[in-house]
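Data block below; observations after.
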Amino acid sequence: MSLWSRIVNVFRGESLNRQIAEEFEFHIAEAIEHGRDPAEARRALGLGFRHREESHDARVVPALDSIRVDMVFAWRQIRRNPGFTFTVVITLALAVGANTAIFSLVNALLLKPLPYPQPERLVSIYSRLTGSMASDQRIDLDGQQWESLRDQVPSLLAAVSSNSAEGVNLKSAARVQYVHAGRVSASYFQVLGFRPALGRGFSSDEDRPLGPPAAVLSYALWRTMFAADPAIVGRGILLKGQPYSVVGVLPENAQTPLAADLYTPLQPGLDGEGIGTNYAVIARLRPGATWEQADSELARAWDPYIQRFSQRNPGQRLAFHTVPLQQGQTGSLRPRVLVLMLAAGFILMIACANLAGLTLLRVLRRTSEIATRIALGASRWHIQRQLWVENLLLALIGGAAGTCVGFLALRGLLALLPAQFLPVSSVPLDLRVLSFALSVSLATSVLFGMLPALATRRLHLRSAIAGRATSAKQTLRLRQALIAGEIALTVVLLTGSGLLIRSLIYLETQPAGFNPTGVLTAKASLDDARYRDPAAFRRLLDQSLAAMDQIPGVRNAAVGLNLPYERPLNDTVTLRDGAQAGQQVATDAIYVSPAYFDTLQIPLLAGRAFSPSDGPAAQPVTIVNRSFARKLLHTENPVGRYLDRDLLIVGMVADVAVSPGLDSAAPLTTEETIYVPAAQINAKLLALVHVWFQPSWIVRTEGSVAGLPGQMQRTLAAVDPNLPFSGFYSMSDLEAESLSTQRIEVALLGTMALLAILLSAVGIFALVANLVEQQSRAIGIRLALGSTIVRAMVHTGRSGVTASMAGLLLGLAISAILLRAMHSVIYGVDVYDPPTVLTVAAGLAMVTLVATTVPVLRIAAIDPVQTLRAE
Amino acid sequence: MKKMDSLQGSLDLLVLKILSRRPRTHGYGIMAAVKEASSDLLRVEEGSLYPALYRMEEAGWIHAEWIKKDSGRRARVYELTDEGRKQLGFEESRWRELTSAVNQVLRIV
């Protein structure tokens, strides 16, 4: 009989035993037929039991068979204690679920290879600053840097692109659609490793400034808008108001970092856009080239740039280096995701501490059973194995439940995230995640099984069989230490999420600087050949705004290049007077129609707002915000002063909240801003800003107006039928988007903190409840000797309170050290925030009080007479 | 299992030999055949017989099969495999060597 059949026989135990029994019965029947005494024949066959066991052993792998027996026994134990099993499985499901969900994110973001051929050879470029302003971050290039990279770094095949996909108007047949276009340099698709499904990528001729207009379609756009036309290559489309010829279609499932609907040549140059660092860069190591080679070639190619920088910034050192693209793409998310992973790990440890306490109790309760089995000849190894099999089985059930919980949690989490928030298209529950969940479950079974297993090794047979509790005091200490440990971790999680909540509240309650209610906005793309002419642009604004003013219920209508909460255009202006005269300073710059401040209700603090008379031929004027006046002009009333050559400041408005562009101090902040009349923008700037930004039409209504979006769209279409709105947004949509990262962090970490405190409460409850049960006799004696019920309650509940307080102190100490790392992600609140610490301490005290009070209430039901008679 | 080690050599040999003469014999038949052939001098312990049979089955020397007897009961009958035949030759020669060696000792001393 082969080993395999012996292994198989392990699982056919019953039928095997039946077969052996049948053979023996036949033997005995045969013996009787040959005239032997039935009883003698049976005896002669030996002790049936032992006999069968030996025969059985010959036909199975004994070790495996006893594990099967252990499993069956464990399963029965698990079914016999539904309460215990339920607690363990729920605890594990929550802990493993949290870990599975978070790990799925880690997997999708940091571990799964990018969806390109040979993704490990894709490169992003970082600059490292050493000195007082030390930093290490991914960079964008200006035109000069791009040309040296392209021509002087032979180990890299490099490409540049726009920083994001920009809204443009695409007309096909009679329909105009607002789609997202990515602008990419000629080698972009080659770097990613895509071979177009139809046609080709961009030629270097098309990528030259003023080169022929060409477009590459994404597979999805080709299918939906062009009905998968196989003859699309060479056809003309009307894009940005001018004809483009389609040169290729990308393959199905080809996702670029831009995730655009279609692509046009970037046409990078030294002028215009190329003056600033506006080009995002990716590269691929050429065959045979190494990362070190690329770094040293990069250092040589950009040496003039580095020299210039160190002359201007003495004491600072600048260097460039290559970083794998995956790391570069997820650089900003990585620390956040790892913090979440750490928090999930805390949850797991808290759960394990609880389970260790529970299983320890359970084993202690079973000591007399175990001792009996040892006395009857079971080896200690056998007992140990039995306990481990039980733990393992529980962990596997809990792990399976946890994977389901994790899957659901992940779906919820992804629904919470705004579109395009993650740089990956999907977060799958793949084999790596599943094996992670399995290993986590196995690890928990080891962690929570260790303690009880150790406890049974020091079992005193005599006292155990007599049913006396084994070293109750020592066990209590151990369990208290476990509770204190888990509470310490809970405190860290609570404090951390408390700080995040305080920070979010700070950000959300910052004065918006305008009235966000009753406002509806919509974007349209003016990156359009027809609106490069400032006169046409002015006409569009005048006519569309005049028509929108006529919509019943609309109080004001305005246009602005940017809205509050958005990241505005960064520009520079030259100061004319004061200590900094002649110096160029960075500022946000926003063009607006005259009614912009009225419509958004941004308070005018000094001077006047723009009027229709601030036209192209009139005196160039500007309105600055208070931050600009204070920080750069050092005045509370800048009206009448000049910027640049002859830009007259005619007013000052209040600061509004924006996403940071100049200095990323907080996700919502106020920045120095100048506003200029839309009518006074020159043609060159107009074309450039409309490539980057899509202006918003803003409407303020009296109360709610039915069908407002449709009316706005129709009004715009009446002025220009080929100009679609991208979508309609309220101000709270925009605010929510700018704070989405913070909200998600609060939601995730807050959920985990709640989970932690829930688990801790269960832990304290279990500790005290068990103590009440164990000591009911002692308590009975106390009561009989004249103790009051309240004193008995306090005496018993003290153990839980002590453990909790020790945990609180330990947790605060750990938080003081650990949470300093949160410094960079919280705003408007200090890492050592007394209200947060007090709230955490008070909350924990409350939870502790409830979790100890509920079980000690049972003391009131103890009848001293009854308990004294019990033994 | 260990307890049977001393017996094992001869028990295996006897079982294999019986099965080579009378293929498809059941456990009781094997036991009876040993008794008969040795004129009641040798007795196979019934308690050792079945573990030995299963062990030899596992080793691939014998092959077992359930057959229906006229009485309506099922019997498990055994027969030699090719490997069992080889093993029988090996056991027989080993037995001969052993007995001749023991005889030699008895003669000399």
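Bear in mind these aren't lab numbers, they're just calculated from the coordinates by the rules spelled out. Computed from a predicted model, the values in this text were never measured in an experiment. Because the Cβ atoms are built from the backbone with ideal geometry, glycine has one as well, and the counts that use them run over all protein chains shown.
Brief remarks follow.
- Over chain A, relative contact order from alpha-carbon pairs under 8 Å, at least 6 apart, %: 15
- Distance from the alpha carbon centroid of the stretch A:236-281 to that of the stretch A:594-609 works out to 37 angstrom.
- Among B:Leu49, B:Leu16, B:Leu80, residue whose mean-square fluctuation peaks in a GNM of chain B (springs only between Cα atoms under 10 Å): B:Leu49
- All other residues whose Cβ lies under 10 angstrom from that of A:Trp692 are scored, Lys and Arg at +1 and Asp and Glu at -1, for a net of -3.
- Sites matching trypsin sites (Lys or Arg not before Pro) across the stretch A:726-828 that sit in DSSP coil, with at most 12 neighbouring C-beta atoms within 10 Å: none
- Distribution of pairwise C-alpha distances over the stretch A:529-722, 5 Å bins, in %: 1, 7, 15, 20, 20, 17, 10, 6, 2, 1, 0
- Each residue in A:Leu111, A:Leu785 was given a count of other beta-carbon atoms within 10 angstrom of its own, and listing them fewest first yields A:Leu785, A:Leu111.
- Order of A:Leu526, A:Leu540, A:Leu759, A:Leu333 under a 10 Å beta carbon neighbour criterion, fewest first: A:Leu333, A:Leu540, A:Leu759, A:Leu526
- In loop segments of the stretch A:341-438 as defined by DSSP, there are no trypsin sites (Lys or Arg not before Pro) with at most 11 further C-beta atoms inside 10 Å of their C-beta.
- Between 0 and 90°, nearest 10: helix A:291-301 axis offset from chain A longest Cα axis: 20
- Mean residue ellipticity (222 nm) of chain A, computed from DSSP H runs ≥ 4 via -39,500 (n - 2.57), nearest 500: -17000 deg cm²/dmol
- Dipole axis of the protein assembly as shown (+1 Lys, Arg; -1 Asp, Glu on Cβ), positive-most option in B:Leu13, A:Leu250, A:Ala706: B:Leu13
- The long axis of helix A:143-152 is offset from the longest Cα principal axis of chain A by roughly 70 degrees.
- Computed over the Cα atoms of the stretch A:669-760, the ratio of the radius of gyration to the Kirkwood radius (Rg/Rh) comes to 1.15.
- The base-10 log of I(q)/I(0) for the protein assembly as shown, evaluated at q = 0.10 Å⁻¹, reads -1.20 [Debye formula, identical scatterers on Cα atoms, solvent excluded].
- Over the stretch A:744-871, the pair-distance histogram of Cα-Cα distances with 10 Å bins from zero comes to 11, 34, 25, 16, 10, 4, 0 percent, rounded to whole numbers.
- Each distinct pair of alpha carbons in the stretch A:134-315 adds a 1/r term; the inverse of their mean, the Kirkwood radius, is 17.5 Å.
- For the peptide B:47-58, the mean number of other protein chain Cβ atoms found within 10 angstrom of a residue's Cβ is 6.
- Here the protein assembly as shown is treated with +1 on each Lys and Arg Cβ and -1 on each Asp and Glu Cβ, and its dipole about the Cα centre works out to around 3540 debye.
- Between helix A:708-719 and chain A: long-axis angle, C-alpha atoms, 0 to 90°, nearest 10: 30
- For A:Val573, neighbours were defined as the other residues whose beta-carbon sits under 15 Å from its Cβ, and their charges (Lys and Arg +1, Asp and Glu -1) total -3.
- Near A:Val176, once Lys and Arg are set to +1 and Asp and Glu to -1 for all other residues with Cβ below 15 Å from its Cβ, the sum equals +2.
- Annotation: aspartates and glutamates with alpha-carbon distance below 17 angstrom to B:Lys69 (same-chain offsets under eight excluded): A:Glu22, A:Glu23, A:Glu25, A:Glu30, A:Glu33, B:Glu79.
- Per-peptide average of other Cβ atoms within 10 Å, ordering A:243-251, A:71-79 highest first: A:243-251, A:71-79
- Relative contact order, percent, the stretch B:2-108 [alpha-carbon distance under 8 Å, six or more residues apart]: 29
- The separation of the stretch A:80-132 from the stretch A:174-233, counted between C-alpha centres, amounts to 35 Å.
- Flagged links, alpha-carbon separation over 32 Å, of B:Lys17/B:Lys68; A:Lys523/A:Lys684; B:Lys35/B:Lys86; A:Lys112/A:Lys523: A:Lys112/A:Lys523
- Stokes-Einstein diffusion of chain B at 4 °C, 1.567 mPa s viscosity, Kirkwood radius from Cα pairs, rounded to a whole number: 87 µm²/s.
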